[in-house]
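A short write-up of the structure that comes next.
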Amino acid sequence: MTKSPSTKPADTATADRNPFRYSAQLAGEIESRWQTRWERDRTFAAHNPGDPGFDATQPKLYCLDMFPYPSGEGLHVGHPLGYIATDIYCRFRRMRGFNVLHPMGFDAFGLPAEQFAVEHGVHPRLTTERNIATMVRQLKALGLSYDWDRRVATIEPDYYKWTQWIFLQLYHSWFDPRVGKARPIDELSRGLESGELVVDDHHRATPAVEGGRVWADLNENDRVAVLANHRLAYLAEVPVNWCPALGTVLANEEVTNEGRSDRGNHPVYKRPLKQWMLRITAYAERLADDLDHVQWPEPVKLMQRNWIGRSEGAMIDFPIKATDEPIRVFTTRPDTVFGATYMVLAPEHPLVDRITTDQQRRVVTDYRRQTQRRSEVERMAEAGGGEKTGVFTGGHAVNPATGREIPIWIADYVLMGYGTGAIMAVPAHDLRDWVFAWRFDLPVPTVVEPPAGYEPTSEEAALAAPDKRCPFSGWGTSVNSANDEVSLDGLPSDEAKRIITEWLESTGRGCREVQYKLRDWLFSRQRYWGEPFPMLHAPDGRTVAVDESELPVVLPEMEDFTPEASDDPEAPPRPPLARAPESWRIVQRDGVRYERELNTMPQWAGSCWYYLRFIDPRNDEQLVGHDAERYWMAGGGVDFYVGGVEHAVLHLLYARFWHKVLYDLGHVSTPEPFGRLFNQGYIQGYAYRDARGVVVPAAEVVDENGSPAAEVQDRAGAKFFWQGDPVTQEYGKIGKSLKNVVSPDEICEEYGCDTLRLYEMYMGPLDASKPWAPRDIIGPFRFLQRAWRLAVDERTGELTMRDEPDADVERQLHRTIAKVTDDIERLAYNTAIAALIELVNAATSAGGLTRDQLQRFVLLLAPFAPHVAEELWAKLGHQQSLACEPWPSYDPALVTHDQVELPVQLQGKVRARVTVDADADPALIEAAVLADEKVKAALAGRSVRKVVVVPGKIVNIVVGRG
Ligand code: ANZ
């Protein structure tokens, strides 16, 4: 990278005169010295109960970073944002007497290494390990206080042994709805044997009822099927998202709205395949409810709740003329049943064949074939007000409320995987049905009247019919909704919903029902680079689990990682493990020749439980030791978990699900894994595109004068070029896809990592996204230079200290301690750093600090710029690292501020006076003013448009009319 003179940290001229000046070179020396020492002394090693050095009287902090995928590009400056933040917190808490667990590891299975392996024949382990080595070096160079003894990687057999072990727990368990938790599957068989439970027509266990089949009457196959129906891990033939380009099946969430793969943007098709599934749906209710008990950002909770998608409504049976089996629908609006003028089945619905008349068979078959090619995600995306397709089956059902015959259609806006795969269509009050009914000329009677003065929503208005009528999908008052037995007319929607549900229940036509959008988790991948399943398949189709004592099932060595072509050209190829040596693939047992499961687990698996392994990473008897787990997870799980908001749904939901299963089975002590969660913002940077819209490497872009874009990027009117052609500038998250990655290595080399740490924390609030502005890095560097000069004589390298403290500086030091302490607790690092800068400036002007003051200042600086702080601490004569030195305290009496009285004006008249700290910030003053009783009285209910604060002088309130 080329440097412009303005950003050069140390000018060589003064370096000769001041050999002990804080320069990039000196910073480099100091940093590597301390990094070596910390590592040698295991300064940040955490102690488990029972370890020598464990102190049971200390409080604990388990602070966790979302562990990274070791990509070939290494870290960019966006990664450390969260890592530095947690590091500051951990260093601070150690100084406050906490036993701190702060580990780091690698989420190391995954597609990129495998794609590289397929293309270049290099074993993914080699690339992965090389990438891990790079990232460890980079992380260490940032001076992060991890306990490196606890490092784990999900690809190590003694790690994935336990991932496989958890899978076995899932396989050997079922969810007992009567107690709302997982139990060993043996208890299910015992319940069935004893007759406490019987089996229904769908091979499901239910409490003993009339007509249920008893265990003794079931043959072996049926028994296996019943158990399989309940296991938390089960095999199912399911329509999957098949991505030929990646050679694998993808989970719905890995498919974009356009029906393409999230990674690589390849086309994705639906096809049936036998796959391992995890029964996460059994936990839907607990996963939603327990969000109330964690300290997480509200938007993340909301995203999880939406993903789980709880809906309350009813099941209603619509009798069909042709058969004696009714069509059952799930609806959230049973109060609209009088307005159901037709029904729609998902094209895959099992009743379609029986309902379809001969006349309609051709169009129905064609339509079903056509929808097969579309992914569920694509269909869902169109489930709104978009274009609708569908065909009439020729069949009819009876609306149980009106007694009228209504036609049955099939359409792909109804999904097989939700509710019952069938709907009653109420076109006047459901936007999808409305569009469909107008397109196919079906009746649209109104059964809900909107409240008086109702204005259609923008979505409703957009669908206005030729006669200007709009659909109404909100809550109002029922109309045209009565039969001989029940009338909803005049009732508000919630009341109507209750009454009609009671009627449906009392007449056996339906029942109350809660549904979840959450689907079971598709857990198989047709890849090599993942955890093998600990499962065996017998030639007769039976599946058995590998015994716990035989774990881990180690990935076999292979040289060719491409999937193996299948005999059937239409079928997906077999997974790469189909090529594994027979000695791995085939297991002989009791004369039976079993084949191992050839799929592997998805990348989510290893990251679902790593926080537990960090607690006790070398335990080869147990996933995690009991005492250690109880100690570190006490108080509701990981105390502080920091990572990107992109993991708000899947990773966190999957990890919570596994954790709850482990909790139910008694392996962990808390119902939730992560007590407190925090999402750091993104670092954003400029990116550039050529005329075709293709992203070009930002580092190679120059302005019209040939200066690197990074140095002139926000200059007004600048024009940018790449290889001589003009490019356009935009702004986005720093990363690979925008080719605007900046490596922390460059910055560390140029300024030292203490500067990088300060810069990243000083950029703005931690949860905000903010621009990478290389020209500003010099600021924190100059601050460290001033701080150093405050303590050290640059010609001799000796400490410079005054004997008597300056009273003002002493007072400011107390205030700074109070502020920094408080700010770190609130993660307001930017304001803490600002306070440190002010202190250094004030102390410099006042002529320096005493030894005692300097000590306290150094300790305050330590969490942010630990290397320079350790160096000064050593110069102050201490032999030990300051890592566990007590945090400085302050005298509250010295922290009180000077106060001022400010007049408050309203419409030109002074109406009140408020007393505030002389240096209080305007937002605080505004709050104090608006809370003042006199001000409230003077406002007399008028709305405040603006509060203008002139600091130290006056406050003006501007009010709105009325
Ligand atoms: C009649 C009705 C009338 C509905 C009305 C809505 C409004 P949520 O809230 O998302 O759970 N539905 C049910 N199963 C479906 C499926 N498999 N595919 C597509 N749509 C399905 O949505 C529940 C509503 O979505 C149900 O309530 C049903 O339409 C539709 F004024 O039934 B409703």
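Figures for the structure shown
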read-out: Per-region count, region 850-890, residues in contact with a Pro (Cβ under 7 Å, 6 or more places away or on another chain) and either more than 28 Å from ALA141 (Cβ to Cβ) or buried (at least 22 other Cβ atoms within 10 Å of the Cβ) (or both); value: 4
read-out: Test for ARG432: is it open to solvent by 80 Å² or more (accessible area, probe 1.4 Å), more than 30 Å from TRP604 (Cα to Cα) and not small (Gly, Ala, Ser); value: yes
read-out: Among residues of region 457-484, those that are more than 34 Å from the chain's Cα centre (by Cα), within 13 Å of the ligand (Cβ to nearest atom), outside any strand (DSSP E or B) and of a type in the set (Gly, Ala, Ser), counted; value: 2
read-out: Wholly enclosed strands (runs of 3 or more DSSP E) of region 261-363 bearing at least 3 residues closer than 19 Å to LEU415 by Cα and away from the ligand (no atom under 16 Å from the Cβ); value: 269-278
read-out: Residue identified as in a loop (DSSP other than H, G, I, E, B) and touching a residue at least 40 places away in the same chain (Cβ under 8 Å) among GLY681, GLY685; value: GLY681
read-out: Complete set of residues in region 815-849 that are farther than 30 Å from ARG676 by Cα, in contact (Cβ under 8 Å) with a residue 40 or more places away in the chain and buried (at least 16 other Cβ atoms within 10 Å of the Cβ); value: ILE837, VAL840, ALA843, ALA846, GLY848, LEU849
read-out: Those residues of region 927-957 which are closer than 13 Å to ARG913 by Cβ and either open to solvent by 60 Å² or more (accessible area, probe 1.4 Å) or small (Gly, Ala, Ser) (or both), in sequence order; value: ALA928, GLU933, LYS934, ALA938, LYS953
read-out: Elements of type strands (runs of 3 or more DSSP E) contained in region 125-203, each with 2 or more residues being without any contact (Cβ under 8 Å) to a residue 40 or more places away in the chain; value: 197-199
read-out: Any hit, region 416-437, residues being more than 14 Å from the ligand (Cβ to nearest atom) and either over 30 Å from ALA236 (Cβ atoms) or modelled with pLDDT under 95 (or both); value: no
read-out: Residue satisfying condition, being open to solvent by less than 60 Å² (accessible area, probe 1.4 Å) and at pLDDT 90 or above, within set TYR759, TYR663; value: TYR759
read-out: Near pairs, Cβ below 6 angstrom, 6+ apart or cross-chain, from region 252-263 (without any contact (Cβ under 8 Å) to a residue 60 or more places away in the chain) to any residue that is in a helix (DSSP H, G or I) and surrounded by 16 or more Cβ atoms within 10 Å (Cβ to Cβ); value: ASP262/GLU254
read-out: Pairs with Cβ under 6 Å, 6+ apart, first in region 705-718 and modelled with pLDDT of 75 or more, second among the β-branched types (Val, Ile, Thr) and part of a loop (DSSP other than H, G, I, E, B); value: PRO708/THR2; ALA709/VAL701
read-out: Residue count, region 490-545 (criterion: more than 30 Å from PHE472 (Cα to Cα), out of contact with any Ser or Thr (no Cβ under 7 Å at 6 or more places or on another chain), open to solvent by 10 Å² or more (accessible area, probe 1.4 Å) and not in a loop (DSSP other than H, G, I, E, B)); value: 4
read-out: Any helices (runs of 4 or more DSSP H) falling wholly within region 850-945 and containing at least 3 residues that are over 26 Å from ARG96 (Cα atoms); value: 922-931, 933-939
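Condition check ((1) open to solvent by less than 10 Å² (accessible area, probe 1.4 Å); (2) out of contact with any helix residue (DSSP H, G or I) (no Cβ under 9 Å at 6 or more places or on another chain); (3) modelled with pLDDT under 95; (4) more than 15 Å from GLY105 (Cβ to Cβ)) across all residues:
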site: PRO52; (1), (2), (3), (4): no, yes, yes, yes
site: ASP55; (1), (2), (3), (4): no, yes, yes, yes
site: ASP65; (1), (2), (3), (4): yes, no, no, no
site: TYR69; (1), (2), (3), (4): no, no, yes, no
site: ASP87; (1), (2), (3), (4): yes, no, no, yes
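The values are calculated or read from the model by the stated rules, or taken from the named source; none is laboratory data. Since we're looking at a predicted model, the values are computed, not measured. For neighbour counting, all protein chains shown are included, and Cβ atoms are generated from backbone atoms with ideal geometry for every residue, glycine included. Heads up: the accessible areas ignore ligands, DNA and RNA and are worked out on the full protein's heavy atoms, side chains in. Shrake-Rupley method; radii C 1.70, N 1.55, O 1.52, S 1.80 Å.
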